[in-house]
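What follows is one structure encoded as structure tokens, with my remarks underneath.
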Amino acid sequence: MSMTISIREPFPDRIPGLNFAAAAPDLWRVAASDGALLGHIRRREIGGVERFSSRRVLPGGRQGIDLGEFWSPRDAAEVFR
């Protein structure tokens with residue numbers, strides 16, 4: 001029996017005013033510098049190409065709004081600033 005270990009990686013870019021925490025493999029929580037949760041960024045591969053999707057968390061934290069898919073982690077994060 002083989003076991004695959006998934007590693008939570010740090011966010012691949014630094015964006016002033018935003019903090020990132022690995023939430024799961026290929027998923028990061030995005031928070032403002034004051035600690036307020038803003039949303040999530042997910043990395044996925046589509047047809048051999050890496051894409052990043054952003055989702056804003058609405059007040060109450062149970063629902064969210066898709067903000068779009070991006071070619072780079074920086075572009076996906078900039079929508080939160």
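The values are calculated or read from the model by the stated rules, or taken from the named source; none is laboratory data. Source: prediction; values computed, not measured. Glycine also receives a Cβ, built like all others from the backbone with ideal geometry; neighbour counts cover every protein chain displayed. Each accessible area value is taken on the protein alone, full model and side chains, heavy atoms only, with ligands, DNA and RNA left out. Shrake-Rupley method; radii C 1.70, N 1.55, O 1.52, S 1.80 Å.
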Q) Could you count how many residues in the range 29-43 are open to solvent by 60 Å² or more (accessible area, probe 1.4 Å), at pLDDT 95 or above and either in contact with a Phe, Trp or Tyr (Cβ under 8 Å, 6 or more places away or on another chain) or of a type in the set (A, V, I, L, M) (or both)? A) 2
Q.
I'm told P12 meets every condition in (1) surrounded by 10 or more Cβ atoms within 10 Å (Cβ to Cβ); (2) of a type outside the set (F, W, Y); (3) not in a loop (DSSP other than H, G, I, E, B) except one. Can you identify the failing condition by its number?
A. (3)
Q: Could you tell me which residue of the range 49-72 is modelled with the highest pLDDT, considering only residues that are open to solvent by less than 60 Å² (accessible area, probe 1.4 Å) and not in a strand (DSSP E or B)?
A: S72
Q: Looking at (1) in contact with a Ser or Thr (Cβ under 9 Å, 6 or more places away or on another chain); (2) at negative phi; (3) exposed (fewer than 15 other Cβ atoms within 10 Å of the Cβ), find the lone condition where G17 falls short.
A: (2)
Q. Can you name the number of the only condition in (1) exposed (fewer than 14 other Cβ atoms within 10 Å of the Cβ); (2) at positive phi that D26 fails?
A. (1)
